[in-house]
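The values are calculated or read from the model by the stated rules, or taken from the named source; none is laboratory data. It should be emphasised that the depicted structure is a prediction, and the values quoted were computed from it without experimental measurement. In this analysis, Cβ positions are derived from the backbone assuming ideal geometry, glycine residues included, and neighbour counts consider all displayed protein chains. We work out accessible area using only protein heavy atoms, side chains counted, and drop any ligands, DNA or RNA first. Shrake-Rupley method; radii C 1.70, N 1.55, O 1.52, S 1.80 Å.
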Amino acid sequence: LKENQISKACGIYERLYRNGLLLTMDKLEYSKGLFISRAYSKAKDIALESRTVEGFYVAGLCYVNLKEWKKANDNFIAYIKDKAKVTEFNVLAYFYKGHCEYCLEDYKNAYSSFVRFTTDGKTAAYKYVTEAYDLSSKAALQYGDYTQASNQIENLIKISMSENEKQESVIYLFDIYCDAKKYGKAISLLEPYVNAKNDFTMTALLKQAQVYEKQNNLTSADMIYEKIYTEY
């Protein structure tokens, strides 16, 4: 496995397994090889048969790929519960637990799991952290907590690595503020962008004008529309 000869390694492990010669940790390694080979059904059986805490994590990943969210979640819970017994605890367990709970429509627990992940997993890969902020926000919206939802997108904006990602998050946060009827915060959010003179400027102006219309402030809305007409 360490030399990345997965097929060859799995073949050797399989022969030993059939003869009852695999030790506990060997079974765990075999399950990892099967997982890499996408033999998820067999991999989770071998992982659980290893009777190790790490086996719960591997089995959880297998169930995620099999889209069996409840079983996946149960295994991640078992892994987290016994994390003191793991030499190097994998904080991604919180991320996957949150993902499973989101798919199970258990939104409050999903939110908590994602927050725990972003708190403990600051050095995790960028794609996991950004998805955690995104999904935690969506989870909070599912049970109507606009404050929690907006807090997560504010965090997402802070870590955005590209201008395009940042702008998409700004519009998403703008919409959350509007849904929460926090129109002042929505307008202020776009202020840094309305004079930038780039492709995003007109979008920001249009969004601001729409808020003024919702407030029945037609004079301010008309001034923005005139600015758009004149300059763009």
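Below 11 angstrom from the Cβ of A139, what's the summed charge of the other residues (Lys, Arg +1; Asp, Glu -1)? It would help to have the intermediate numbers written out before the result.
Details: positive: K108, K138; negative: E101, E105, D106, D134, D145.
Cβ neighbours under 11 Å give a net charge of -3.
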Residue-count net charge about K207 - beta-carbon cut-off 12 Å; Lys, Arg +1, Asp, Glu -1
-2
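With all protein chains present and a 1.4 Å probe, how do Y107, Y146 order by accessible area, largest first? Walk me through the numbers on the way to the answer.
Working: Y107 45, Y146 85 Å².
Sorted descending by solvent-accessible area, the residues read Y146, Y107.
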When the distances between all Cα atoms of the stretch 1-145 are binned every 10 Å from zero, what whole-number percent does each bin get?
13, 37, 32, 14, 4, 0
So what is the calculated 222 nm ellipticity per residue for the chain, using -39500 (n - 2.57) for each DSSP H run with n of 4 or more, over all residues, to the nearest 500 deg cm²/dmol?
-24000 deg cm²/dmol
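Hey, any idea what % of the stretch 29-143's accessible area is carbon plus sulfur with a 1.4 Å probe?
Details: 2800 of 5720 Å².
Within the stretch 29-143, the accessible surface is 49 percent carbon and sulfur.
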Per the Cauchy relation, a quarter of the hull surface: what is the mean projected area of the convex hull of the alpha carbons in the stretch 115-198, in nm²?
5.6 nm²
Leaving out ligands, DNA and RNA but keeping every protein chain, what accessible area does C178 have, in Å² rounded to the nearest 10, with a 1.4 Å probe?
10 Å²
For the chain, calculate the relative contact order in percent as a whole number, restricting contacts to Cα pairs under 8 Å that are 6 or more residues apart.
8 percent
Stokes-Einstein translational diffusion, the stretch 155-216 - Kirkwood Rh over all Cα pairs, 0.692 mPa s, 37 °C, in µm²/s:
278 µm²/s
In the chain, which longest range has no GluC sites (Glu not before Pro) that are both DSSP loop (not H, G, I, E or B) and surrounded by at most 13 other Cβ atoms within 10 Å?
106-232
Between 0 and 90°, nearest 10: helix 146-159 axis offset from the chain longest Cα axis:
80 degrees
Express the relative contact order of the stretch 7-115 as a whole percentage, based on alpha carbon pairs under 8 Å and six or more residues apart in sequence.
17 percent
Highest-fluctuation residue, D26, D222, D82 considered, GNM on the chain with Cα pairs under 10 Å:
D222
Per residue, what volume in Å³ does the Cα convex hull of the stretch 1-79 take up?
73 Å³
On Cα atoms only, tilt of 24-36 relative to the major axis of the chain in degrees:
50 degrees
Among Q215, L190, S169, whose Cα projects farthest towards the positive end of the dipole of the stretch 146-217, with charges put on the beta-carbon of Lys, Arg (+1) and Asp, Glu (-1)?
Q215
Which value, in debye to the nearest 20, gives the size of the charge dipole of the chain about its Cα centre, when Lys and Arg are +1 and Asp and Glu are -1 at the Cβ?
920 debye
As an exercise, use a Förster radius of 41 Å and the Cβ-Cβ distance of T119 and D199 to find the FRET efficiency, rounded to the nearest 0.05.
0.70
Value of relative contact order over the stretch 110-232, rounded to a whole percent, pairs C-alpha under 8 Å and six or more apart
14 percent
Any aspartates and glutamates whose Cα falls less than 17 Å from that of K138, other than same-chain ones fewer than 8 residues away, would be E101, E105, D106, E154, E165, E168, D175, D179
In the chain, if the dipole is taken from +1 on Lys/Arg beta carbons and -1 on Asp/Glu beta carbons about the Cα centre, which of A140, I80, L92 is farthest to the positive end?
I80
Specify the inter-centroid distance of the stretch 6-67 and the stretch 82-125, based on alpha-carbon positions, in whole Å.
22 Å
